[in-house]
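Okay, so here's the structure we're looking at.
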Amino acid sequence: MSKSHYQAPRGTRDILPSEAGTWRWVLNSFADLAKRFGYGQVISPMFEDAGVFLRLGENTEVVSKEMFTFQDKDPKTPQDLALRPELTASICRAFAQHRPITPWKVWYEGPQFRYEKPQAGRFRQFVQVGAEIIGENDPASDVEIISLAWRFYETIGLKHISLLLNSLGDVETRELYNQELLSYLSKNAKGLSEESRDTLAKNPLRVLDSKRKEDLQIIAGAPTIQEFLTDDDKEHFESVRDGLKLLGIPFTVSPRLVRGLDYYTRTTFEFIADKLETAQNAVGGGGRYDGLVEELGGPPTQGIGFALGVDRILLACEAEKLELKNEMPLDAFVVDLTGGSHASQITDELRANGLGADRCFGSRSIKAQMKVADRSGALYAIIVGDDELEKNEVTLRDLRGDGSQEHVPRSDLVKALTASIKERYPQ
Ligand code: AMP
């Protein structure tokens, strides 16, 4: 086979049909769950005024190094645009623009773009699902948001996920803590890695994210934000922890969890897939961002949300050896030995009745058609030959189970197939 001259750009990939059914199933599972939680979908543009993302903090790597930016072509409105690196900022921009009634509970799905160094589980285009509650400060909303993510992992069957939880306090708390941390890390700067010394000058909090060996010991001795929380912050955090316990959602308080983006206040959390390597084991995260809507031109408004990485969730499923569902497995493959017009009619009838059906084109031998039927993943083959035509029936062969077959009157096909699927392959 000759190789194509062109390849998908670095850090991107094609999801082919053999995998895409599973992707759809995962995305649909999230959509169904979010709807059951009372969230509505927002479909926002894939690019925004770059300023929207600059509000995430110019010292955030996602913004300073990883944004795909370009200029509007209209010379009258020269404007820097950027492909979205995440969706919380777009949702807050949409909130500030449309001013919907609060609490605004929304969910989203779609690709995000970051100019990262590609490696296992780290892409330049990757898919996130996420949810946000805007305009609500009740700790119960923190609990609900976290439980939506948690129940989603459960729905798809993941068992080895850990929830790490922290509180970053309010903006003032963070500022005080930042100063304390800066002074501690500056005193110990000699022992830090070169990268962390560089980060320290821009954003001391982010040094805590480092996983480099030489940094770990210094980080372990750093003051934690817990010592700086106000009474209100502490009360909020306690309510969140109590709420999670009430729902039976296990968590570990992780005092040094700061998360990548600058805008978080109070509750922050991360989901770790225990079966994946450290570099790619973050399968989701989020937090409260009580100042972001205002930064984007809206009224002072609280918010909390999360984003989960679908590419990595699928890697975690693989690592747990989960057998994932397909959004729509094929119910039947029609093997027509009489020329093809019966295959046309039968597939049309099955599809009209909500069943998944396929067939071969061209006239091929029974052996060749059965091979394609088998490869298609269909549950049943429906065979139409001269004998069947004469008796006005079809042969129904179970392809996934014991290979048994039965003859069914042509006019009963839909009923017989539906009943057989229900009995042998209940969902
Ligand atoms: P963040 O918006 O950085 O908090 O990321 C939320 C989640 O998106 C992470 O926990 C990952 O699962 C996923 N994610 C972030 N960046 C990437 C990437 N470059 N490639 C694949 N998944 C990513």
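When region 353-378 is filtered for residues that are within 17 Å of residue 415 (Cα to Cα) and either out of contact with any helix residue (DSSP H, G or I) (no Cβ under 6 Å at 6 or more places or on another chain) or not assigned by TED's automatic domain parsing to the domain that holds residue 336 (or both), the ones remaining, listed by number, are 354, 355, 356. Go through the residues of region 330-343 one by one and say whether even a single one is within 30 Å of residue 159 (Cβ to Cβ) and exposed (fewer than 13 other Cβ atoms within 10 Å of the Cβ). There is no residue in region 330-343 that is within 30 Å of residue 159 (Cβ to Cβ) and exposed (fewer than 13 other Cβ atoms within 10 Å of the Cβ). Whether a residue is over 25 Å from residue 27 (Cα atoms), crowded, with 19+ Cβ neighbours inside 10 Å, within 26 Å of the chain's Cα centre (by Cα) and in contact (Cβ under 8 Å) with a residue 60 or more places away in the chain was assessed, and residue 253 does not pass this test.
Inside region 227-240, residues that are crowded, with 17+ Cβ neighbours inside 10 Å and in a helix (DSSP H, G or I) make up a count of 5.
Taken over region 250-291, the criterion of being closer than 23 Å to residue 199 by Cα, among the aliphatic types (A, V, I, L, M) and more than 9 Å from the ligand (Cβ to nearest atom) is satisfied by 257, 258, 279. Pairs meeting the criteria (first residue in region 225-243 and under 25 Å from residue 184 (Cβ atoms), second residue open to solvent by 50 Å² or more (accessible area, probe 1.4 Å) and in a helix (DSSP H, G or I), beta carbons under 6 Å, at least 6 apart or on different chains) are 228/176. Residue selection: residue 164 satisfies the criterion of being within 16 Å of the ligand (Cβ to nearest atom) and assigned to a strand (DSSP E or B). Scanning region 4-37 for residues that are under 17 Å from the mean Cα position of the chain (by Cα), loosely packed, with under 10 Cβ neighbours inside 10 Å and modelled with pLDDT under 95 yields no hits at all.
Put simply, of 86, 116 the only residue that is under 25 Å from residue 61 (Cα atoms), within 12 Å of the ligand (Cβ to nearest atom), open to solvent by less than 20 Å² (accessible area, probe 1.4 Å) and of a type in the set (D, E, K, R) is 86. Checked against (1) within 14 Å of the ligand (Cβ to nearest atom); (2) open to solvent by 30 Å² or more (accessible area, probe 1.4 Å), residue 159 passes all but a single condition, namely (1).
On inspection, residue 214 does not qualify as in contact (Cβ under 8 Å) with a residue 12 or more places away in the chain and in a strand (DSSP E or B).
Of the residues 297, 291, 340, which single one is out of contact with any Gly (no Cβ under 7 Å at 6 or more places or on another chain), at positive phi and in the same structural domain as residue 28 (by TED's automatic domain parsing)? Steps first, answer last, please.
On the way: 291 fails: at positive phi; 340 fails: in the same structural domain as residue 28 (by TED's automatic domain parsing).
Just a single option satisfies the conditions, and that option is 297.
In the condition set (1) open to solvent by 30 Å² or more (accessible area, probe 1.4 Å); (2) closer than 30 Å to residue 324 by Cα, residue 180 is compliant with all but (2). Counting the residues of region 119-141 that are at pLDDT 95 or above, within 13 Å of the chain's Cα centre (by Cα) and surrounded by 19 or more Cβ atoms within 10 Å (Cβ to Cβ) gives 6. Each residue in region 55-73 was checked for being more than 16 Å from the ligand (Cβ to nearest atom) and either at pLDDT 95 or above or open to solvent by 60 Å² or more (accessible area, probe 1.4 Å) (or both), and 5 pass.
I'd like to verify a number: residues in region 266-284 that are touching a helix residue (DSSP H, G or I) at 6+ places or on another chain (Cβ under 8 Å), open to solvent by less than 10 Å² (accessible area, probe 1.4 Å) and within 18 Å of residue 224 (Cα to Cα), how many? Qualifying residue count, region 266-284: 2.
Being in contact with a helix residue (DSSP H, G or I) (Cβ under 7 Å, 6 or more places away or on another chain), within 27 Å of residue 248 (Cβ to Cβ), surrounded by 21 or more Cβ atoms within 10 Å (Cβ to Cβ) and not aliphatic (A, V, I, L, M): is that true of residue 215 here? So residue 215 does not fit the description; no.
For region 285-306, the tally of residues that are under 23 Å from the mean Cα position of the chain (by Cα) and open to solvent by 10 Å² or more (accessible area, probe 1.4 Å) stands at 0.
The values are calculated or read from the model by the stated rules, or taken from the named source; none is laboratory data. Small disclaimer: the values here were computed from a predicted structure and weren't measured. Using ideal geometry, Cβ is built from the backbone for each residue, glycine included, and neighbour counts are taken over all protein chains shown. Remember, those area values only see protein heavy atoms, side chains included, never the ligands or the DNA or RNA. Shrake-Rupley method; radii C 1.70, N 1.55, O 1.52, S 1.80 Å.
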